[in-house]
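Beneath this line is the structure, given in structure tokens, with notes to follow.
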Amino acid sequence: MNLLPPEKECLRLQIESAAGHGCVEEYGLSVRATMPGHSHHDPEASLEPTPDNERVIDREGFRPNVGIVVCNDRDQVLWGRRINGRDSWQFPQGGMHRDESPEQAMYRELEEEVGLRAEAVELLGRTQGWLHYRLPKRFIRHSENPVCVGQKQIWFLLRLVSEDSAVRLDAHDDPEFDHWRWVSYWYPVSAVVDFKQEVYRQALSQLSALLVPKPRSARRRRRRR
């Protein structure tokens, strides 16, 4: 087995972990969360189309994207392992197409990535404004027009109202994940690759207000089991 120098191995793992997110879908490169508090309050703003008629970049160079948190009735969240990564786990997410609203993109990505249709989930809410992260300078392709400098996201919180068997990772010929499981609500913040942790923390912090607190009696019953 050929071993890479530590710095190159680290970069390889970052690329594998981040593949498929925002501009990464086009470039196959990693993304670093460098603007944790930056948000814009116009998610429906017009987008600049690119020649491929699907990839869109806004006027500031960010690609619009939606992130999806699916929870069960115990407020655990769906955590997926990327099929092309080396034990790389993440939430479902993907880029918006031209003329799509964030909600339309969310339902499309939900079905494409985990096989869930709109009737299988309840929409609890979404984050307010865009959450941004920027590509490292060495990964920005200035030869592209328009130039993509990073990604901006709207995150949605959904509750699964169907059986777990409704989740189908093989719903399409080009699957995103090869395995999934339920994890505790805050687990992904520390489990995701380190350069995405702040964005995950922001999204989950905003969305947590949408969860209904469990009655104390229900919590006691659960502990006794």
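The values are calculated or read from the model by the stated rules, or taken from the named source; none is laboratory data. Just so it is clear, the model here is predicted, and its values are computed rather than measured. Note: ideal-geometry Cβ built from the backbone for every residue, glycine included; neighbour counts use all protein chains shown.
Looking at SER88, is it touching a helix residue (DSSP H, G or I) at 6+ places or on another chain (Cβ under 7 Å), under 23 Å from TYR185 (Cα atoms) and of a type outside the set (D, E, K, R)?
yes
Kindly provide the set of residues from segment 64-81 that are crowded, with 19+ Cβ neighbours inside 10 Å and either under 10 Å from the mean Cα position of the chain (by Cα) or closer than 15 Å to ALA191 by Cα (or both), ordered by number.
Of everything in segment 64-81, those that are crowded, with 19+ Cβ neighbours inside 10 Å and either under 10 Å from the mean Cα position of the chain (by Cα) or closer than 15 Å to ALA191 by Cα (or both) turn out to be ASN65, VAL66, GLY67, ILE68, VAL69, VAL77, LEU78, TRP79, GLY80.
Do we have TRP180 as within 23 Å of GLY61 (Cα to Cα), touching a helix residue (DSSP H, G or I) at 6+ places or on another chain (Cβ under 8 Å) and at pLDDT 95 or above here?
No, not satisfied.
Being modelled with pLDDT under 95 and among the small types (Gly, Ala, Ser) narrows it down to one of GLY125, GLY94, GLY115, GLY80, so name that one.
Within the list GLY125, GLY94, GLY115, GLY80, the selection yields GLY94.
Among the residues of segment 82-133 satisfying the criterion of being at positive phi and free of Cβ contacts under 8 Å to residues at least 24 places away in the same chain, which is nearest to the chain's Cα centre (by Cα)?
The residue in question is ASP87.
Criterion first (over 16 Å from LEU158 (Cα atoms) and among the small types (Gly, Ala, Ser)) does GLY129 satisfy it?
Yes, satisfied.
Could you check segment 91-103 and list, in sequence order, the residues that are assigned to a loop (DSSP other than H, G, I, E, B) and farther than 14 Å from PRO188 by Cβ?
Those that are assigned to a loop (DSSP other than H, G, I, E, B) and farther than 14 Å from PRO188 by Cβ: MET96, HIS97, ARG98, ASP99, GLU100, SER101.
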